[in-house]
Amino acid sequence: MNLWRKALSFLLFFIFLFTLLNAKVNKKSVREKELERMKINDKYDHYHLRKKKEFVVDQSREFLIPPKGEKPLGDFIVARTPPKIKLMILPNLNPEYFLDLKDPGDAYMIVWANWAHVTRSEDNRFYFAASNHRGYGCQINIYEYIPSRELVHRVVDVKKLLGWTDEGYTDGKIHGQMGIMPDGTLWAATHFGVHPTKEWFKNGYRGAWLLTYNILTHQAENLGNPIVGGNLAIYQLDEKRGRFVGTGNLSNMVLCYDVINRKVRFAGYPPNNWKWAPRTIFLDKSTGKFWTFDFNDKEKRFFSYDSEFNEFQKYDVSAPKNPYKGKEWVGQYPRGHIDEPAMDGWYYWATWDGVLFKFKPESSDGKPQIKYIDTTWRKGRDVLQMALSPKGRYVYYYPKGNSPVIQYDVKTGKRKVIAWVRDYYFKKYGYFMGQSYGMSISKDGKFLVIIVNGEFTNKKYAFGHPGILVVEIPESEREE
């Protein structure tokens, strides 16, 4: 019996060793993958968009034709007039391919992508970021789009600003919502692309970096690591009070930074084992309270943080569940939202699993109010950022997947398709779009600025060449 056991153990070990060695042999190097990507891009990039320094402009009835199987649930209508849409691949994606990269730094992807929101200034300029997601020596670009000049250009080379080298462990992207103070100072923080290990900290890594860029003076500043060992996957800036609040899932520590006096007001944890959700933050500008939900709570109940008094308060209120998803699942988390109340006084939100709902942080009984509306699209799709029209009637959002850009009418409760874009751009330009993480709206409500992840592949991969979409909404489709 012992002999048979030994023989079986030897056989199993041999199978395991053979599988492991075979996997290593078959595992493609970064160089091989990049050479394949280069070849595919050359095949599908019919119009050489990767090399263009100007927008391509389209206006087609095809924007209003739904892809097969894309009918939503609930009330919706389709715009009568197609929008004019402009597309440009972001500049300064250098190197475009990582052919000489010897060690990928344990990154699950090394490729250019956007992960952050779009921020608009008071004078109608737009700011966003893209990065190559590396585990060390990462290149992060902060861009500015100036509509009046049709100019998209890099304004901050974050790698250079922070003094990163190709040999040092670094964060891999900007992931939060950059904000701009009245004096023109844009505030941002970095977030890891590769999950840091003990080896990182032994070799000098200290966590997220805080940085600024003044859009008026064009001066940038490195403010170092405000919470050593922590990360800032999400954050928002209270421009009125000068408070920058953020957190992440590396240490789960919450940071409140006074951007006026340049000092930390709070760096710690919520009480009672409450855990700030690492992908949810909302600022009520009227009170200065920041909101999230308790990640440790089975019911996902909301709590708030008062940055003036460093006080936390929890409420017996949760985001609505998706009725089409069956029992509760991981996606019942608030995500995208508008930053100002709509004309009806409500803030509009979406959950990870695609529920559209509205939220009032303050009410007469002292607790927030929640009202379920519908799903974002079909049975529910994720939304990362929403935009509100100037007079508060229309909420715009762009769900994940082969979904359209949508206008929700607060007054009528109707969802209107402004344009389906993914199939059109793949068919004409060979450009396949993935999820959009950022969207903002012009000050006059005439156009949307959307940053998309995309690549020139056969609908198999959507990272590598992020682009900017400018969707000009016909006047007849946005009467307020």
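The values are calculated or read from the model by the stated rules, or taken from the named source; none is laboratory data. Keep in mind the model is a prediction, meaning the values are calculated, not measured. Glycine also receives a Cβ, built like all others from the backbone with ideal geometry; neighbour counts cover every protein chain displayed.
Brief remarks on what is shown
- If you go through the range 271-296 and pick out every residue that is farther than 20 Å from D238 by Cβ and either surrounded by fewer than 17 Cβ atoms within 10 Å (Cβ to Cβ) or among the aromatic types (F, W, Y) (or both), you end up with 6.
- Scanning the range 353-375 for residues that are crowded, with 24+ Cβ neighbours inside 10 Å and either within 17 Å of the chain's Cα centre (by Cα) or aliphatic (A, V, I, L, M) (or both) yields G354, V355, L356.
- All positions within the range 386-404 that are in a loop (DSSP other than H, G, I, E, B) and under 15 Å from K416 (Cβ atoms): M386, S389, R393, Y398, P399, S403, P404
- Search result, residues across the range 405-450 that are more than 20 Å from R120 (Cβ to Cβ), within 21 Å of the chain's Cα centre (by Cα) and assigned to a loop (DSSP other than H, G, I, E, B): W420, V421, Y431
- Residues of the range 144-188 that are closer than 15 Å to R120 by Cα, among the small types (G, A, S) and either under 18 Å from the mean Cα position of the chain (by Cα) or assigned to a helix (DSSP H, G or I) (or both): S148, G176, G179, A188.
- Out of N141, N225, N231, one residue alone is in a strand (DSSP E or B), surrounded by 14 or more Cβ atoms within 10 Å (Cβ to Cβ) and of a type in the set (S, T, N, Q). It is N141.
- Candidate set: the range 277-310, residues that are polar (S, T, N, Q) and assigned to a strand (DSSP E or B); chosen: the one farthest from the chain's Cα centre (by Cα): S304
This table checks each residue for (1) more than 30 Å from K325 (Cβ to Cβ); (2) at pLDDT below 95; (3) crowded, with 23+ Cβ neighbours inside 10 Å.
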position	(1), (2), (3)
R381	no, yes, no
M386	no, no, yes
K400	no, yes, no
V405	no, no, yes
A419	no, no, yes
F426	no, no, no
H465	yes, no, yes
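Let's see how each residue does on (1) β-branched (V, I, T); (2) without any contact (Cβ under 8 Å) to a residue 12 or more places away in the chain:
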position	(1), (2)
T412	yes, yes
V417	yes, no
Q435	no, no
K446	no, no
V452	yes, no
T457	yes, no
Y461	no, no
V471	yes, no
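- Among the residues of the range 311-325, those that are of a type in the set (D, E, K, R) and either under 25 Å from R241 (Cβ atoms) or more than 27 Å from the chain's Cα centre (by Cα) (or both) comprise E311, K314, D316.
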